[in-house]
1. Does anyone have the angle between helix 29-41 and the longest principal axis of the chain? Alpha-carbon axes, 0 to 90°, nearest 10?
2. Calculate, for residue 10 and residue 70, the FRET efficiency according to 1/(1 + (r/R0)^6) with r their C-beta to C-beta distance and R0 25 Å; round to the nearest 0.05.
3. For the range 51-67, what does the Karplus curve 6.51 cos²θ - 1.76 cosθ + 1.60, with θ = phi - 60°, yield as ³J(HN,Hα) per residue in whole Hz, taken in order and with x for Gly and Pro?
4. Between the DSSP loop rule and a limit of at most 12 other Cβ atoms within 10 Å, which trypsin sites (Lys or Arg not before Pro) in the range 8-85 are left?
5. Under the definition of Cα pairs under 8 Å and six or more residues apart, what whole-number percent is the relative contact order of the chain?
Amino acid sequence: MNSIMENQENAEVVKTGDWMLTYLITAIPIVGLVMLFVWAFGSGTNINKANWAKASLIWGAIMLSIYLMFMITFGAALLSAFHSN
């Protein structure tokens with residue numbers, strides 16, 4: 001019964017002002033990344049904000065993977081072009 005009450009408390013609608021503060025915090029380079037992990041995996045966080053933080057971390061990992069693939073591909077091509085000359 002206690003966990004049901006906690007889930008109901010953590011499922012409240014996140015207000016627009018709270019989202020604006022959330023985006024402002026995530027815009028701070030290192031603090032934002034740390035806070036995404038805190039919101040995603042910490043206890044007592046609103047379930048909607050926790051799910052958003054998890055999705056943001058997943059998208060960040062996807063974008064980092066794509067970026068690294070491009071950098072490796074184009075870096076190897078650039079090194080190959082310089083080495084052949």
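1. Approximately 50 degrees, to the nearest ten.
2. Working: r = 39 Å, r/R0 = 1.55.
That pair, residue 10 with residue 70, gives E of 0.05.
3. After applying 6.51 cos²θ - 1.76 cosθ + 1.60, I find 5, 4, 5, 5, 5, 5, 5, 5, 4, x, 5, 5, 5, 5, 4, 5, 4 Hz.
4. Those that pass, being in a loop and sparsely packed, are 15.
5. On the way: 40 pairs, mean separation 20.9, N = 85.
It rounds to 25 percent for the chain.
A short reminder: the numbers here are calculations on the coordinates, not readings from a lab. Worth saying up front: this structure is predicted, and the values here are computed from it rather than measured. Cβ: placed from backbone, ideal geometry, glycine included. Neighbour counts: every protein chain shown.
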